[in-house]
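*Asks:* Quick one: structure below, then a few questions.
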Amino acid sequence: MELFEFLTQLAPILSFITIIIAIIFGVIQLKQFKTQRKDIAAVEIMRTMQDAQFTESLHVINHSEQLDSLKEVNPNLEKAIFAITTKFETLGFLVYKRVIPIEFVEQLVGGVCLALWEKLNLYVLEYRKINDQKLFLEWFEWLSYILKKRERDKAKPALEKFKNWDS
């Protein structure tokens, strides 16, 4: 009988220990999942942003003059503008929803985002006004605003910042 009494007293303690271990395991799994999600997001940014269409659109836009008016936009340039800005539109929303960390976007395409907004902002503002679409490319504008606020435009280039990085 002594053994049975001992085991009945030990059972609640073992149950408690099992619950604590399960909670600790769950927390560890959750942290690993969050880290994995961020890593996947970074890969998705690279895969989505840096495709042939992105590169071609960036080339077309970079080789155009400052866009002050919709009248200056030919169909090829307009196609490039829509192709690239819709990607930044999506990125902005995903950053806002905290699906993708701002740091990833900032390091991978932050400079490009700021340069594009600088070049296209007058075009976007005129497009909104003429077409009565005040929300047109709102997340692209928001993303560039946040990057500017974080002083991405004043950041040191990667080569300078990480020159002494050791693999």
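*Asks:* Suppose we flag chymotrypsin sites (Phe, Trp or Tyr not before Pro) only when DSSP calls them loop and at most 10 other Cβ atoms lie within 10 Å. Which is the longest uninterrupted stretch of the chain?
*Replies:* 1-161
*Asks:* Just tell me the longest site-free run in the chain, where the sites are trypsin sites (Lys or Arg not before Pro) in a DSSP loop having at most 10 other beta-carbon atoms within 10 Å. Kindly include the intermediate steps, with their values, before the conclusion.
*Replies:* Details: sites that count: LYS97, ARG98, LYS134, LYS163.
The reported range is 1-96.
*Asks:* Could you work out the helix-only [θ] at 222 nm for the chain, with each DSSP H run of four or more residues adding -39,500 (n - 2.57) and the total divided by the number of residues, to the nearest 500 deg cm²/dmol?
*Replies:* Values: 6 runs with 127 residues, N = 167.
Per the formula, -26500 deg cm²/dmol.
*Asks:* Taking H as built 1.01 Å from N, whose amide H comes closer than 5 Å to the amide H of ARG150, not counting residues under 5 places away?
*Replies:* Hits under the 5 Å cutoff: none.
*Asks:* Let me ask you something else. Quick one: compute a quarter of the convex hull surface over the Cα atoms of the chain and quote it in nm². Intermediate results must be reported in sequence, preceding the final value.
*Replies:* Details: hull surface 65.9 nm².
Mean projected area of the Cα convex hull: 16.5 nm².
*Asks:* A further question on this structure: Expected output is a single nm value to one decimal: the length gained when fully extending between VAL27 and GLN50, i.e. 0.36 nm times separation in residues minus the C-alpha distance. What is it?
*Replies:* Taking 0.36 nm per residue and subtracting the Cα distance, the gain is 4.8 nm.
*Asks:* Taking loop as defined by DSSP and a crowding limit of 13 other beta carbons within 10 Å, which GluC sites (Glu not before Pro) in the stretch 23-96 fit?
*Replies:* On the way: sites: GLU44, GLU56, GLU65, GLU72, GLU78, GLU89; in loops: GLU65.
Loop-located and lightly packed - GLU65.
*Asks:* Work out the FRET efficiency for ASP39 and THR86 from their Cβ-Cβ distance, taking R0 = 25 Å, and round it to the nearest 0.05. Before the final figure, lay out the partial values.
*Replies:* Details: r = 25 Å, r/R0 = 0.98.
With a Förster radius of 25 Å, E is 0.50.
*Asks:* Can you give the angle from 0 to 90° between the axis of helix 138-149 and the longest principal axis of the chain, with both taken from C-alpha atoms, to the nearest 10?
*Replies:* Roughly 80 degrees, rounded to the nearest 10.
Computed from the coordinates by the stated procedures, all read-outs in this text should not be read as laboratory data. Keep in mind it's a predicted model, so treat the numbers as computed, not measured. All Cβ positions, glycine included, derive from the backbone under ideal geometry; neighbour counts span all protein chains shown.
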